[in-house]
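Chemist: Here it is: the structure, laid out below.
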C-alpha cells in the first residue's frame, strides 16, 4: 500500500537505522481459515483505497507527534538519543509540524518564537495566494493523489500473496497476508520499482478492511539519484494505525530500523521511533487567522 512508498522514502528524511535488522518477517499464525489469492488481492485493494481516504480525513485532525532518534556506534550500541515533540495541524490544506519540545523539555522563548514565525509565514503565504497559484497547487496535489492511487493498486499485482491466518489486535480480528515480489515483475508506475525490492506482512481489519499493521522488509538495495541515497538490504519499518472516532484509521506508531547511506557521506546508524497521539477533530467552523489576531 501507500505506506510501502511513504515509509521507505521517510528513511532518507528521518535518518536511518541499525545494520543488524532482522532478515525475515515474524513467524506465521495458525488458522483454519483460507483466502484465495483473488480474495486477498481484493482485500488489499480495498484497504489501499481506504488508506487514501484516511489521508483526506486526517486533514480534519490535529495531533501530537513524538519522534525519538537514537544514534548508534559501530557496534550497534546507543551513543545518543534525541527526542522531539510536535503539534501537527493542517493550514490551508497543508500539514504543518510545530516543534513544541526537545528531549521532553519545552522550547526556550526564542525557539518557540521561531516556530510561531514559521507558522505565521505559511498563513500569510496562503492568505495572500493568487488564484492562479492556488490552482497550480491544487492541480499538483491532485496529480500526486492520482500517482498514489496508481501505486497502491499496483501493490496487489506486484506480489505473490499468502494467507497466514487471523489475529486479534486491540480486540478486533485481522487478516494476516504476506507479500513477496513476483519474479520478473515489470512495474507500471514510476514508484513501482520499489515493490520489486521489498516484501511485507500486513494485518487488515476484517470488518473495516483497514490496514491495522504493516511490516516491510527491504530485500535488495534501493538507490535514488547517482549518489543521493541508498537504502540497504535488511532495512525495516513497522507501521501501526488506530481507529479514531469510528470514522477514520490514523497512524499511531512507526518503528524504523534502516541502514542508509546519504550522498557521499558514510552510513548512518540510527533508530527512529515515532508515536502519534491525542487526535482532535477541527470544528466545521474553524478558521485560520494570523497569530497576532488570535485571542
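Derivation of every value follows stated rules applied to the coordinates shown; laboratory data play no part. This structure is a prediction, so every number in the text was calculated from the model and none was measured. Counting neighbours? That spans all protein chains shown, and the Cβs are built from the backbone with ideal geometry, glycine included.
Chemist: Please arrange 145, 232 by how many other C-beta atoms lie within 10 Å of their C-beta, fewest to most.
Modeler: Lowest to highest Cβ neighbour count: 145, 232.
Chemist: Treat the stretch 18-280 as a sphere of radius equal to its Kirkwood radius over Cα pairs and apply Stokes-Einstein at 4 °C in a medium of 1.567 mPa s; give the translational diffusion coefficient in µm²/s, rounded to a whole number.
Modeler: Rounded to a whole number, D works out at 63 µm²/s.
Chemist: Between residue 57 and residue 129, what FRET efficiency follows from the Cβ-Cβ distance if R0 is 30 Å, with the result rounded to 0.05?
Modeler: Efficiency, from the Cβ-Cβ distance: 0.80.
Chemist: So how much slack lies between residue 111 and residue 247, counting 0.36 nm per residue of separation and subtracting their Cα-Cα distance, in nm?
Modeler: 45.3 nm
Chemist: Give me the number: length gained by fully extending residue 73 to residue 103, i.e. 0.36 nm times residue separation minus the C-alpha to C-alpha distance, one decimal in nm.
Modeler: Computed gain between residue 73 and residue 103 is 8.8 nm.
Chemist: When ranked by the protection proxy of mean other Cβ atoms within 10 Å per residue, highest first, what sequence do the peptides 238-251, 151-164, 93-106 form?
Modeler: Descending packing order for the listed peptides: 151-164, 238-251, 93-106.
Chemist: Further question on the same structure: Mind giving me the FRET efficiency for residue 39 and residue 186? R0 is 41 Å, r the Cβ-Cβ distance, nearest 0.05 is fine.
Modeler: Efficiency computed from Cβ-Cβ geometry: 0.95.
Chemist: If R0 is 41 Å, what FRET efficiency do you get for residue 145 and residue 66 from their C-beta distance, rounded to 0.05?
Modeler: 0.90
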